[in-house]
Amino acid sequence: MQEIHAVVAGAGIWGCTLARRLAEKGMKVLVVESRPVVGGNVRCEIDPETGIEIHLYGSHIFHTHNDKVWSFVRRFVEFNGYQHKVMAHFKGKTYFLPLGLSLINKFFNTELKPCEIAAFMKDENNSKAIFDAFFRGYTSKQWGRDPESIDPSIIRRVPVRENYDVNYFNDYNQGIPLSGYNSLFERLLDHPNISLECGRAYRIGDFPGTKVYYSGPVDKLFNYKLGELPWRSLKFETETLDISDYQGTSVINYPDISVPYTRIHEFKHYHPECKDTMTMAKTIIMREFPAAWKNGDEPYYPISDKSSQELSGKYLEEAAKIPNLVVGGRLGGYKYLDMDQAMAAALELEI
Ligand code: UDP
């Protein structure tokens, strides 16, 4: 490609969506990605032995109530209609996780009706018992700090309901791409106006005079000159087992503090339409261990508190001073974004 009108640095959801929009506007776009492959932390791998799609960075379920996002993403992939359920294993019993009638009635051995839940949970003994069982240990492990000290909006991601709906998300549009997650990124970038260079990290000053859309860590862009933004990381242990079904569902959480991992993913359950895989006498599970982050580790979750928000604000102000530079995405914006939110941000950006 001779002439380049825009550079997209980072080939995750935000970057690939933007690249596609720019290309469809007639601009020649160069996508540079520091990793050898596209897809960011949504990257998957098809296990050669079993054909099972492994979510390399933990389970990803596309879910949204944003109709614009849903229409856009389905131009590139078809979804399989999978509806996400999360279970939690606590003291020998397994519960459906949304904090609703199923969990509460099983935990307390009651038969409460929807209209009785609010009053029941107002009783501090009841709400504390639920919090201590399902949230305290998980949150301490996940964030490496006291649950009381984390941003309450994080725990509020888990739905609270007064009915038996055990869907983990409130979004009516959900699923896993039938052709796999990697195909979403490959198809977003499959446009004559887009060229891709993997294994290349963007640095300020590259591509002078060309507009750059950057979605890597914003502190890294400035060589950490104001300090490092804190992240929480994860480690994974993957195992192939010679049984058809290990846990009967895609994710079981382990909120008990004495269990070192937070959840076990069993990937075949994300593709119930693959009958051969579902019935084969093999399965792949992955245990997820929260981990402290140090520079060089994979960043997963921004640790949002007053000081980190101030610091990310300062970096974003610095970035805004650089002509032709736009910073966004989960890493760039230092925001706990779901996939659809990253896509929405890229669709809404003025280009
Ligand atoms: N959480 C919890 N117990 C659970 C699941 C979640 O305490 O069994 C809390 C925990 O603090 C977690 C947050 O709720 O970080 C958000 O959970 P979510 O499942 O949305 O996390 P993600 O899938 O994004 O890692």
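Per-structure values
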read-out	value
Residue identified as in a strand (DSSP E or B) and either open to solvent by 20 Å² or more (accessible area, probe 1.4 Å) or within 16 Å of the ligand (Cβ to nearest atom) (or both) among Gln174, Gln142	Gln174
Matching residues in segment 63-82 - criterion: being part of a loop (DSSP other than H, G, I, E, B) and farther than 16 Å from Tyr181 by Cα	His65, Asn66
Residues of segment 318-351 satisfying the condition of being buried (at least 18 other Cβ atoms within 10 Å of the Cβ), more than 14 Å from the ligand (Cβ to nearest atom) and part of a loop (DSSP other than H, G, I, E, B)	Gly328, Tyr334
Of all residues making up segment 145-164, the number that are within 11 Å of the ligand (Cβ to nearest atom) and not β-branched (Val, Ile, Thr)	8
Unmet requirement for His89, which otherwise passes all of (1) in contact (Cβ under 8 Å) with a residue 60 or more places away in the chain; (2) within 14 Å of the ligand (Cβ to nearest atom); (3) in contact with a helix residue (DSSP H, G or I) (Cβ under 9 Å, 6 or more places away or on another chain); (4) within 21 Å of Gly248 (Cα to Cα)	(3)
Candidates Phe134, Phe120 - the one that is over 19 Å from Gln341 (Cβ atoms) and open to solvent by less than 20 Å² (accessible area, probe 1.4 Å)	Phe134
Qualifying residue in segment 111-126 (condition: hydrophobic (A, V, I, L, M, F, W, C) and in contact with a strand residue (DSSP E or B) (Cβ under 8 Å, 6 or more places away or on another chain))	no
Residue under evaluation Val73, criteria (1) β-branched (Val, Ile, Thr); (2) closer than 22 Å to His269 by Cβ; (3) surrounded by fewer than 23 Cβ atoms within 10 Å (Cβ to Cβ), criterion not met	(3)
Positions within segment 261-286 being open to solvent by 50 Å² or more (accessible area, probe 1.4 Å) and within 15 Å of the ligand (Cβ to nearest atom), in sequence order	Arg263
Single unsatisfied condition, Gly216 versus (1) of a type outside the set (A, V, I, L, M); (2) away from the ligand (no atom under 16 Å from the Cβ); (3) out of contact with any strand residue (DSSP E or B) (no Cβ under 6 Å at 6 or more places or on another chain); (4) without any contact (Cβ under 8 Å) to a residue 60 or more places away in the chain	(4)
Some residue of segment 300-317 being away from the ligand (no atom under 14 Å from the Cβ), surrounded by 17 or more Cβ atoms within 10 Å (Cβ to Cβ) and not in a helix (DSSP H, G or I)	no
Check on Tyr168, in a loop (DSSP other than H, G, I, E, B), open to solvent by 40 Å² or more (accessible area, probe 1.4 Å), within 11 Å of the ligand (Cβ to nearest atom) and touching a residue at least 24 places away in the same chain (Cβ under 8 Å)	yes
Subset of segment 103-126 (residues that are in a helix (DSSP H, G or I), away from the ligand (no atom under 14 Å from the Cβ) and not charged (D, E, K, R))	Ile104, Asn105, Phe108, Pro114, Cys115, Ile117, Ala118, Ala119, Phe120, Met121, Asn125, Asn126
Selection count, segment 211-260, where residues are part of a strand (DSSP E or B), under 27 Å from Pro147 (Cα atoms) and open to solvent by less than 60 Å² (accessible area, probe 1.4 Å)	8
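The values are calculated or read from the model by the stated rules, or taken from the named source; none is laboratory data. Predicted, not measured: the structure shown is a model, and the values here were computed from it. Neighbour counts run over all protein chains shown; Cβ positions are idealised from the backbone, glycine included. Heavy atoms of the whole protein, side chains included, go into the accessibility calculation; ligands, DNA and RNA do not. Shrake-Rupley method; radii C 1.70, N 1.55, O 1.52, S 1.80 Å.
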